[in-house]
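Take a look at the structure below.
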Amino acid sequence: MADLSNEFSWSRSRDATFQDCRRKYYLHYYGAWGGWAADAAADVRLLYILKQLASRQMWAGRVVHDAIEMALHVYQQGRDVPVEPFVADVIERMRGEWRSSRAGRYRDSPKTLALFEHEYAVDLKPEVWQALSRNVSTCLRNFFRLPLLAEVRKTAPEHWSIEHWSKVFDFEGTPVWSAPDFGFWNDAGRLTLVDWKTGASDADATAFQLGCYALYAREVLGVPAAQVVLLEVNLREPTVTPLAWDDARLEAIREQLRLSIRSMRAYLAEPAANVARREDFERTEELRICRWCNFRRVCRPELV
Ligand code: SF4
């Protein structure tokens, strides 16, 4: 494999990590860098393994997103999806992943499922895991029943974006990773960008996320704000919430991105080379954030 270099880029999750805790941000985006290599130093390898940990809610969300992507591919090929066998298959695969995580396979194969709850031996009753798989089933069944899905299926599948036109775009010299979960052109000729949600949502975070999609539409596809429809689809409820959008809001998103990028770069020892020093990134004083932090084991071992 060609040598990879750690280039600075921006994503919403990177911004969220930076806001949470500067040290966590450093460990995730710099400290763990290179830990995928078989000959990586043991401390780097450990950070890389910890970096992959997902909470059970994140995992459930990913399972639903992947399953929907798969179903949309089937629809795109003009075939139907048998809902109950499909859901049963997803849950069966979840069981396999869960067992793999519990057995700690991820320590040798960090790309396999690594649950935070297993790494940190969080004591959870079986009912909690059962509720999680029930939530995944509910979200998927709701997806198949959505009037929005019927509307999507009436449009030309060659114009759907399932794996996205592109996932990264240039924003004033910084690569930005942001792509909607799904996009299609509706009957009225407007680009509809969708965000699937599987749990409770935070209004500000959702507005920022959807705003980034609108920016994506503008920068990658050249589609103006007035021609974009942004939808938050909460699959648990299920509800479809449109977000009002215009040029002024798009400019506010640009400003938010500029500020975020500037703040992250200001922490770098050498911004041009994207070089960071651990000691420049302070640890948060909010221990409630540490409780659920992937890096607790190395950063605040006294809390483990
Ligand atoms: S354990 Fe706490 S201080 Fe350390 S990286 Fe995580 S959130 Fe930051």
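Values for this structure:
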read-out	value
Contact order normalised by residue count of the chain, Cα under 8 Å, 6+ apart, percent	20
Probe 1.4 Å, accessible area per residue of the chain, Å²	52
Gaussian network model of the chain, springs between alpha carbon atoms under 10 Å - residue of L132, L140, L53 with greatest fluctuation	L132
Relative contact order of segment 155-254, defined on C-alpha pairs under 8 angstrom at six or more residues apart (%)	24
Simple label model, 7 Å out from Cα along Cβ direction - K167 to R291, nm	3.2
Segment 166-212 and segment 285-304: distance between their alpha carbon centers, rounded to Å	31
A42 paired with N186, simple spin-label distance in nm, labels 7 Å along Cα-to-beta-carbon	5.8
Nearest-0.05 FRET efficiency for H159 and S11, computed from C-beta distance (R0 30 Å)	0.70
Extension gain, E84 back to V298 (0.36 nm per residue minus Cα-Cα distance, nm)	72.7 nm
Residues in segment 247-290 that a label on A226 would reach, taking backbone N under 13 Å of a point 7 Å out along Cα→Cβ	247-248
Neighbourhood net charge (10 Å Cβ-Cβ; Lys/Arg +1, Asp/Glu -1) for Y29	+3
Net charge contributed by nearby residues that have their C-beta within less than 15 Å of S201 (K/R +1, D/E -1)	-3
Area accessible to solvent at M58, 1.4 Å probe radius, in Å²	110
Most to least accessible of K51, K167, K111, K125 (protein chains only, probe 1.4 Å)	K111, K125, K167, K51
Accessible surface of C21 - all protein chains present, 1.4 Å probe, nearest 10 Å²	20
The chain, accessible surface, carbon-and-sulfur percent (1.4 angstrom probe)	51
Part-to-part distance (alpha-carbon centres) for segment 232-260 and segment 91-134, which is given in Å	32
Probe 1.4 Å, all protein chains present, accessible-area order of E251, E279, largest first	E279, E251
V304 accessible area, assembled protein chains, probe 1.4 Å, Å²	90
Distance between modelled label sites at L149 and R236, nm, 7 Å Cα→Cβ extension	1.9
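The values are calculated or read from the model by the stated rules, or taken from the named source; none is laboratory data. Every value quoted in this text rests on a predicted model; they were computed, and no experiment measured them. Using ideal geometry, Cβ is built from the backbone for each residue, glycine included, and neighbour counts are taken over all protein chains shown. Each accessible area value is taken on the protein alone, full model and side chains, heavy atoms only, with ligands, DNA and RNA left out. Shrake-Rupley method; radii C 1.70, N 1.55, O 1.52, S 1.80 Å.
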